[in-house]
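Let me begin by presenting the structure, written as structure tokens, before commenting on it.
The values are calculated or read from the model by the stated rules, or taken from the named source; none is laboratory data. Keep in mind the model is a prediction, meaning the values are calculated, not measured. Positions of Cβ are generated from backbone atoms using ideal geometry, with glycine treated the same way; all protein chains shown enter the neighbour counts.
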Amino acid sequence: MRLFVVSMICALLDLMAFLVLIRIGIDPMKAHVLSFVCSNLLYFVCLVTGCLGRIDTTVNSNTSSQQLTVFLLLRILTLSLRGGIFVVAMTTLNLPVALSGASVVLASAAIGLLGDTLFLWPTISVERRKLFAAVGIIIYLLSLRLVFLGFANLLPEEAYYWNYAQHLDIGYLDHPPMVAWLIWLGTTLFGDNEFGVRIGAYICWLLTAGFSFYLARNLFDKATAIACALLVAVLPFYFSTGFLMMPDAPLAAAWVATLYFLERALIGEKRLAWLGAGLSFGIGLLSKYTILLLGPAALLLILIDHRSRQWLGRKEPYLGAAISILFFSPVLYWNATHQWMSFAFQGSRRVDEAFQFTLPSLIVSVAVLLTPTGFIATAASLKANLAAARSRPATARVLFILLFTLIPLSIFVLFSLFHENKPNWTGPLWLAVLPFVASMLIGATGKDTWLEKRLRRAWIPTIGITTAVYALLFHYVVLGFPGIGYIHNIRTLPVAWSEFGQAVNAVEAAAAKESAAPVVLIGMDKYFLASELAFYGRQAQGIRANSVGLSAIGGSSLMYDVWYPAETLLGSTAVLVSLKRSELQQDDLPQYFSSLSNIQEQVVRKNGAIVGSFYYRIGYNLSGCESAGGRCTSSSGS
């Protein structure tokens, strides 16, 4: 009862402080942070003075420093979710400032009261608290992503894939079309905004988590399944696939769905599961070609496991393969009618790249994707399964985990010995071993080695710190923190792309007044600036179709070269935009224009504070460089 009364008193102080702060002119987004800190200082005083009652160490064995850590963690998580709710209330629901403040005060008071009841003054067993913590973190991270989904600026890659959806097709140069189709569906339903672009990724994460849960339950038990869903919620790669609209989002969902149905077919001996596997694999092929690596692993498992070899003589696997090919056929057709450009881009082009030994960076990237604790736990899980396979005839479960992890991994390791690896490439393949990692997390492997004990202890701070980092990062990117500015580089974080687009709009409008020719925007990097300009440089009435990439000046900008051929842009006035002055000083630029203006610097501000700057110059009468009477040369990106 005392806890409830003190919580309500602190909530009242929170609301009063918020109203006073906005009354004296403090930005509401900052006022909500300051009032929250004020109320929680009072709450903390009540905590340390014993006004809320002493923590019963017979129920909760944590030390006082650990209790303080739990208190601070709960406050961080509450503040960040409260910030997301506040921005939704203010900008989406258009509630008055005072009403928005009152709603988030009540919400944060309820969240804080629930967290403190469960973890500072618990009345339930440790095991039930662990269950509530796991489910609570999953729900919290789902809620956190949802409230911030439509407010963080798109990353350049996301804006590029949004441009896919503006040129809807059944194939593209650098990826299959699923990401474009999902963005098209999301923006059709919710509009051309960040929420519409990203909602597909959010739904894909729900599918990834759901199939991971059922895969782990089939391989182990329900407790392991909950732990596996927790890992999918917390580990950086899988967390990001539920927020950022990249090809990895549908790929991860299709990957684990394929694993689930293959497990049901090969271990559960469910004949119809082959059809589900074929469907999932086909959707995966529409998402990213990487899922092809599951094919050799499945075939090898069938050949090695004597029970699985029976499927070679049955029709269901072949029907599943036919379904996959049917789903993939649009991409095959598109490539056949476009000189096989996508297959060449992702295949022969990468193999022909210059020699690079990138195995160390591959290892580091795995540690980032899974966290260091997750990396060590994954390595320990693979070692345990390899030992089990050597010591006795390997069970189907052991073979399943090993083959569907190590076969794809071996391809990436081999590739890294000679070529560059992308940091995100290995992300989906760990879904096969994640159930075993989850079983180690809860101590369900049947062994209790020194390493497993250490890993279980390490997982608690890893999960807490990772969750807190996500929470603080979202709040910082969207709302900021009082007294903490942004790094003066637009490219570092997605905090000011919209302001950047507005600033370029002003430059474009001025150029249009001076020239009767149509104005095009040319971002001077490969495709990042072109994509952000296409999304954030739009006028209110519709889609921008004049952010054209580098093809007009002899460079290459992936699909922009297809969408905006250089010959269609002749005679235009071009606004050349860059984040680096040197890119506008290239010696080859004058050959494409009758004249060029001097380089200008434009500061970008967010809420009155300088976030960064960009450089621009105007080129008049864009023409093919052949008109200058010489051979085209370019250092701009080709």
Pair list, Cβ under 8 Å, 6 or more apart: the stretch 313-339 residue without any contact (Cβ under 8 Å) to a residue 40 or more places away in the chain, other residue outside any helix (DSSP H, G or I):
none
So, Glu567, is that one under 26 Å from Leu173 (Cα atoms) and either more than 27 Å from the chain's Cα centre (by Cα) or surrounded by fewer than 21 Cβ atoms within 10 Å (Cβ to Cβ) (or both) or not?
yes
How many residues, within the stretch 572-625, are in contact (Cβ under 8 Å) with a residue 12 or more places away in the chain and outside any strand (DSSP E or B)?
24
Selected residue (criterion: nearest to the chain's Cα centre (by Cα)) from residues of the stretch 1-15 that are free of Cβ contacts under 8 Å to residues at least 12 places away in the same chain and part of a helix (DSSP H, G or I)
Leu12
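I need the full set of residues from the stretch 369-386 which are over 16 Å from Ala458 (Cα atoms), within 20 Å of the chain's Cα centre (by Cα) and surrounded by fewer than 19 Cβ atoms within 10 Å (Cβ to Cβ), in order please.
None - no residue of the stretch 369-386 is over 16 Å from Ala458 (Cα atoms), within 20 Å of the chain's Cα centre (by Cα) and surrounded by fewer than 19 Cβ atoms within 10 Å (Cβ to Cβ), so the list stays empty.
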Does Arg350 satisfy being exposed (fewer than 13 other Cβ atoms within 10 Å of the Cβ) and either within 32 Å of the chain's Cα centre (by Cα) or not small (Gly, Ala, Ser) (or both)?
no
Given the structure, is Tyr620 modelled with pLDDT of 90 or more, over 25 Å from Glu499 (Cβ atoms), of a type in the set (Ser, Thr, Tyr) and touching a Cys at 6+ places or on another chain (Cβ under 8 Å)?
no
Answer yes or no: is there a residue in the stretch 497-509 that is part of a helix (DSSP H, G or I), touching a Pro at 6+ places or on another chain (Cβ under 8 Å), over 19 Å from Phe243 (Cβ atoms) and not aromatic (Phe, Trp, Tyr).
no
How many residues, within the stretch 225-256, are touching a residue at least 40 places away in the same chain (Cβ under 8 Å), under 13 Å from Thr467 (Cα atoms) and small (Gly, Ala, Ser)?
1
Would it be correct to say that Ser416 is within 30 Å of the chain's Cα centre (by Cα), crowded, with 19+ Cβ neighbours inside 10 Å and over 25 Å from Ala233 (Cα atoms)?
yes
List every residue pair whose Cβ atoms sit under 7 Å apart, with the two residues 6 or more apart in sequence or on different chains, where the first one lies in the stretch 59-85 and is among the polar types (S, T, N, Q) and the second, anywhere, is buried (at least 20 other Cβ atoms within 10 Å of the Cβ) and modelled with pLDDT of 95 or more.
Ser80/Leu144; Ser80/Ala471; Ser80/Phe474; Ser80/His475
Would it be correct to say that Ala98 is surrounded by 16 or more Cβ atoms within 10 Å (Cβ to Cβ) and hydrophobic (A, V, I, L, M, F, W, C)?
no
Qualifying residue in the stretch 445-452 (condition: among the aliphatic types (A, V, I, L, M), under 30 Å from Pro494 (Cβ atoms) and out of contact with any Gly (no Cβ under 8 Å at 6 or more places or on another chain)):
no
Condition (residue is at pLDDT below 95, within 33 Å of the chain's Cα centre (by Cα) and under 24 Å from Thr466 (Cβ atoms)) applied to the stretch 43-66: is it met by at least one residue?
yes
Regarding Leu493, is this residue surrounded by 15 or more Cβ atoms within 10 Å (Cβ to Cβ), in contact (Cβ under 8 Å) with a residue 40 or more places away in the chain and either among the aliphatic types (A, V, I, L, M) or outside any helix (DSSP H, G or I) (or both)?
no
Those residues of the stretch 104-135 which are surrounded by fewer than 17 Cβ atoms within 10 Å (Cβ to Cβ) and more than 19 Å from Gly83 (Cβ to Cβ) amount to Thr117, Trp121, Thr123, Ile124, Ser125, Val126, Glu127, Arg128, Lys130, Leu131, Phe132, Val135
With the condition kept exactly as written, say whether any residue in the stretch 590-611 is within 16 Å of Ile522 (Cα to Cα) and among the basic types (Lys, Arg).
no
Show me the helices (runs of 4 or more DSSP H) found entirely inside the stretch 121-194 where at least 1 residues are of a type in the set (Lys, Arg).
126-148
Single residue of Ala471, Ala540, Ala511 found to be under 23 Å from Val604 (Cβ atoms) and modelled with pLDDT of 90 or more
Ala511
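Looking at Ile325, Ile411, can you tell me which residue is surrounded by 15 or more Cβ atoms within 10 Å (Cβ to Cβ) and modelled with pLDDT of 95 or more?
Ile411
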Tally of residues being closer than 20 Å to Ala534 by Cα and surrounded by fewer than 21 Cβ atoms within 10 Å (Cβ to Cβ) across the stretch 190-215:
5
Extreme residue, surrounded by the fewest Cβ atoms within 10 Å (Cβ to Cβ), among residues of the stretch 355-368 that are in contact (Cβ under 8 Å) with a residue 40 or more places away in the chain and among the hydrophobic types (A, V, I, L, M, F, W, C)
Phe355
Single residue of Ala254, Ala233 found to be within 18 Å of Ile138 (Cβ to Cβ), assigned by TED's automatic domain parsing to the domain that holds Thr426, touching a helix residue (DSSP H, G or I) at 6+ places or on another chain (Cβ under 6 Å) and surrounded by 24 or more Cβ atoms within 10 Å (Cβ to Cβ):
Ala233
Kindly list, by first and then second residue, each pair from a residue in the stretch 505-521 that is farther than 13 Å from Phe614 by Cβ to a residue that is assigned to a helix (DSSP H, G or I), limited to pairs with Cβ atoms under 6 Å and residues at least 6 apart or on different chains.
Val519/Glu508; Val519/Ala511; Val519/Ala512; Val520/Leu569
Checking Leu244 against (1) assigned to a helix (DSSP H, G or I); (2) within 15 Å of the chain's Cα centre (by Cα), which test does it fail?
(1)
